[in-house]
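Throughout, read-outs are computed from the coordinates displayed, never taken from laboratory work. Quick caveat, the model's predicted, so the values are computed rather than measured. Cβ coordinates were reconstructed from backbone atoms using ideal geometry, including for glycine residues, and neighbour counts include every protein chain displayed.
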Amino acid sequence: MRLAALLLFALAWPAKADVMVPVCHGYGCIVQDEIRYSEAQLAQLKRQLAAAVNPENERKLLAEAIGQLYAWGGEQSDIRNDRGGNYADAGIPGRMDCIDHSTSTTRLLELLAARGALRWHRVLTPDVRHFFWIFPAHWSAVIEEVAAGDATPQHFVVDSWFVNNGEPAVILPLADWKKGAGPDV
């Protein structure tokens with residue numbers, strides 16, 4: 001009897017629904033595919049991020065989590081064809097520029113934050129670095145390390161544009177990135 005009641009309760013209890021996140025591609029966020037992330041996938045990433053022992057370690061795990069979210073997105077969309085930078089995937093469906101990446105990565109970071117997966121960081125709006133300090137040249141998602149006490153918060157870019165689809169994102173101090181730091185792609 002107890003087993004039957006437990007089974008009925010389990011069947012009546014609503015399962016957490018999959019989450020849909022729009023991911024941009026086509027340069028300038030012209031195309032947006034709704035990518036479905038399952039509750040199991042998101043729980044896996046939350047467990048992985050929960051293993052972080054400090055902010056630096058969380059950034060390392062976060063880089064891998066963003067890569068994994070893009071890999072799962074590539075199973076459902078042409079973004080699987082995206083290659084680091086703007087030239088290795090010229091003319092290929094699913095290619096992504098820095099606007100696509102900064103927008104999509106920010107959405108993925110917000111998804112993780114909303115599910116309580118980030119302990120030492122919060123998500124900020126994307127930022128841009130300029131060419132010759134005048135022309136906007138490159139956009140990236142940004143996180144802020146949650147500072148203890150009166151410490152000045154540190155800002156970091158989470159830049160998936162530098163890497164091929166599914167690879168860990170590049171995370172750099174925002175100040176270094178603004179000066180041009182990052183892989184040469």
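Compute the relative contact order of the chain as a whole-number percentage, counting only Cα pairs closer than 8 Å that sit 6 or more residues apart in sequence.
Worked out over the chain, it gives 22 percent.
The residue list 120, 43, 23 was ranked by how far each Cα lies along the charge dipole of the chain toward its positive end, using unit charges on Cβ atoms, and 43 comes out on top. Projecting label points 7 angstrom from Cα along Cα→Cβ for residue 92 and residue 40 puts them 2.9 nm apart. Our compactness index for the chain, the C-alpha radius of gyration over the empirical 2.2 N^0.38 Å, is 1.15.
As a calculated quantity, the FRET efficiency between residue 114 and residue 81 at R0 = 35 Å, using C-beta atoms, amounts to about 0.75.
By the Cα gyration tensor, segment 106-185 has an equivalent ellipsoid whose semi-axes, rounded to whole angstrom, run 22, 17, 11 from largest to smallest.
With the cut-off at under 19 Å, measuring from each backbone N in segment 139-155 to a point 7 Å along the Cα-to-Cβ line of residue 127 picks out 139-148, 151-155.
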